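Participant: Before we start, here is the structure in question, set down as structure tokens.
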Amino acid sequence: MIKQTTLARAVSTKGHGLHMGEPARLTMRPAPAYTGYVFRRTDLNQFEIPAAPQFVARVSYATTLMRQGVMIATVEHLLAALSGSHIDNCIVEIDSLEVPILDGSAEPFIEMIEAAGTVQLEAPRQFLRLRKRVEVVQGTRRMSLAPADTFSISCLIEFPHPMIGTQRREVHIVDGQFTRHIASARTFGFLDEVETLRNSGLIRGGSLENAIILSPEGGILNREGLRFADEFVRHKILDIMGDLALFGMPILGHVEAERTGHGVHTALVSRVLRDDKAWEITDLPSLAAAN
């Protein structure tokens, strides 16, 4: 039987938010079985916000959770790291309104999880198994989740920039594939959009230290270059992982995503959960032992 997991000990980091630029200290703590992922605002009397679809408030350039007017922004990279590391339960304490961006990828959070170690709990791990295909279409953006014996993501992105163009990648979330091939891919943005976004109250904490910045001339401003030739589509898969972690348990299904963003990802989560015939919860998936 596959057991639920949590961290073996607490681990902390600090940084600043990508969009609001505010400083934040974050601590990931062990949690009991069936807790899932819960954010706790230590600056607001330990107020808790579960990472669940009913608390998704905004999905413009990042995924933001809100409960009773209390917000936690830009949660997707941290949730991707927890999900991709097969951590089922975690309390995330934070003293500000946005998760620190760190280097713009999930890798620093993966390193924290590895430093903390993991422990098995007595409860069986629960999986959300797809029973039929569910799709969301918004113009040229399309995303579906279909039945499968394991969890995999196929992703296509298209941007009219010579460093990106059309990129495709598929990854199976087993045997450390997320950690090795996806987690270190950084978020990215376009230099000619920076002023507009900042005037809108976004990316105030963005820099070359935490994002790939693409220039109008066709290159990137980051002197160290790309971590992968297709780092952009890998980061989109990272974002998908983080947003699908809102299901609250690992998935048995295949994702196909084309030109998607956080709004499409979270809309698919809600559409799946609204259709009782589309999914079931199982403790013993026949072919998921590799997870």
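The values are calculated or read from the model by the stated rules, or taken from the named source; none is laboratory data. Computed from a predicted model, the values in this text were never measured in an experiment. Positions of Cβ are backbone-derived with ideal geometry, glycine not excepted, and every protein chain shown enters the neighbour counts. Ligands, DNA and RNA are excluded from the accessible area calculation, which covers all protein heavy atoms including side chains. Shrake-Rupley method; radii C 1.70, N 1.55, O 1.52, S 1.80 Å.
Participant: Considering every residue within segment 103-116, establish whether at least one is acidic (Asp, Glu), over 22 Å from His265 (Cα atoms) and either assigned to a strand (DSSP E or B) or open to solvent by less than 10 Å² (accessible area, probe 1.4 Å) (or both).
Facilitator: Taking every residue of segment 103-116 in turn, none turns out to be acidic (Asp, Glu), over 22 Å from His265 (Cα atoms) and either assigned to a strand (DSSP E or B) or open to solvent by less than 10 Å² (accessible area, probe 1.4 Å) (or both).
Per-residue answers, yes or no, for (1) crowded, with 19+ Cβ neighbours inside 10 Å; (2) in contact (Cβ under 8 Å) with a residue 40 or more places away in the chain:
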{"site": "Asp243", "(1), (2)": "yes, yes"}
{"site": "Pro250", "(1), (2)": "yes, yes"}
{"site": "Gly253", "(1), (2)": "yes, yes"}
{"site": "Arg259", "(1), (2)": "no, yes"}
{"site": "Gly263", "(1), (2)": "no, yes"}
{"site": "Ala267", "(1), (2)": "yes, yes"}
{"site": "Arg271", "(1), (2)": "no, yes"}
{"site": "Arg274", "(1), (2)": "no, no"}
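Participant: While we're here: Looking at segment 153-166, is at least one residue hydroxyl-bearing (Ser, Thr, Tyr) and open to solvent by less than 30 Å² (accessible area, probe 1.4 Å)?
Facilitator: So far as segment 153-166 goes, yes, one or more of its residues are hydroxyl-bearing (Ser, Thr, Tyr) and open to solvent by less than 30 Å² (accessible area, probe 1.4 Å).
Participant: A follow-up question, please. Considering segment 1-23 alone, what residues qualify as being open to solvent by less than 20 Å² (accessible area, probe 1.4 Å) and not in a loop (DSSP other than H, G, I, E, B)?
Facilitator: Passing the criteria: Gln4, Thr5, Thr6, Leu7, Val11, Gly17.
Participant: Mind checking which residues of segment 85-95 are at negative phi and open to solvent by 10 Å² or more (accessible area, probe 1.4 Å)?
Facilitator: Ser85, Asp88, Ile91, Glu93, Asp95
Participant: State the number of residues belonging to segment 29-40 that are in contact with an Asp or Glu (Cβ under 6 Å, 6 or more places away or on another chain) and crowded, with 20+ Cβ neighbours inside 10 Å.
Facilitator: 0
Participant: Next question, about the same structure. Among the residues of segment 192-218 satisfying the criterion of being of a type in the set (S, T, N, Q) and modelled with pLDDT under 95, which is surrounded by the fewest Cβ atoms within 10 Å (Cβ to Cβ)?
Facilitator: Ranking the qualifying residues of segment 192-218, first place goes to Asn199.
Participant: Let me ask something else about it. Taking segment 149-163, which residues are of a type outside the set (D, E, K, R) and part of a strand (DSSP E or B)?
Facilitator: Correct list: Phe151, Ser152, Ile153, Ser154, Cys155, Leu156, Ile157, Phe159.
Participant: Only one residue in Leu82, Leu26 is more than 27 Å from His172 (Cα to Cα) and either modelled with pLDDT of 95 or more or open to solvent by 10 Å² or more (accessible area, probe 1.4 Å) (or both), so which one is that?
Facilitator: Testing whether each residue is more than 27 Å from His172 (Cα to Cα) and either modelled with pLDDT of 95 or more or open to solvent by 10 Å² or more (accessible area, probe 1.4 Å) (or both) leaves just Leu26.
Participant: Is at least one residue of segment 119-139 within 18 Å of the chain's Cα centre (by Cα), within 24 Å of Ile203 (Cβ to Cβ) and open to solvent by less than 10 Å² (accessible area, probe 1.4 Å)?
Facilitator: For segment 119-139, residues within 18 Å of the chain's Cα centre (by Cα), within 24 Å of Ile203 (Cβ to Cβ) and open to solvent by less than 10 Å² (accessible area, probe 1.4 Å): absent.
Participant: Can you report the number of residues in segment 55-79 which are farther than 19 Å from Arg204 by Cα and either in contact with a His (Cβ under 9 Å, 6 or more places away or on another chain) or open to solvent by 10 Å² or more (accessible area, probe 1.4 Å) (or both)?
Facilitator: Qualifying residue count for the region: 8.
Participant: When you scan segment 219-236, how many residues do you find that are under 15 Å from Tyr61 (Cα atoms) and either part of a loop (DSSP other than H, G, I, E, B) or open to solvent by less than 20 Å² (accessible area, probe 1.4 Å) (or both)?
Facilitator: Within segment 219-236, residues that are under 15 Å from Tyr61 (Cα atoms) and either part of a loop (DSSP other than H, G, I, E, B) or open to solvent by less than 20 Å² (accessible area, probe 1.4 Å) (or both) number 2.
Participant: Exactly one condition in (1) part of a loop (DSSP other than H, G, I, E, B); (2) open to solvent by less than 10 Å² (accessible area, probe 1.4 Å); (3) not acidic (Asp, Glu) is false for Asn45; which is it?
Facilitator: (2)
Participant: From the set of residues in segment 178-191 that are closer than 19 Å to Ile157 by Cβ and in a helix (DSSP H, G or I), which is most open to solvent (accessible area, probe 1.4 Å)?
Facilitator: Leu191
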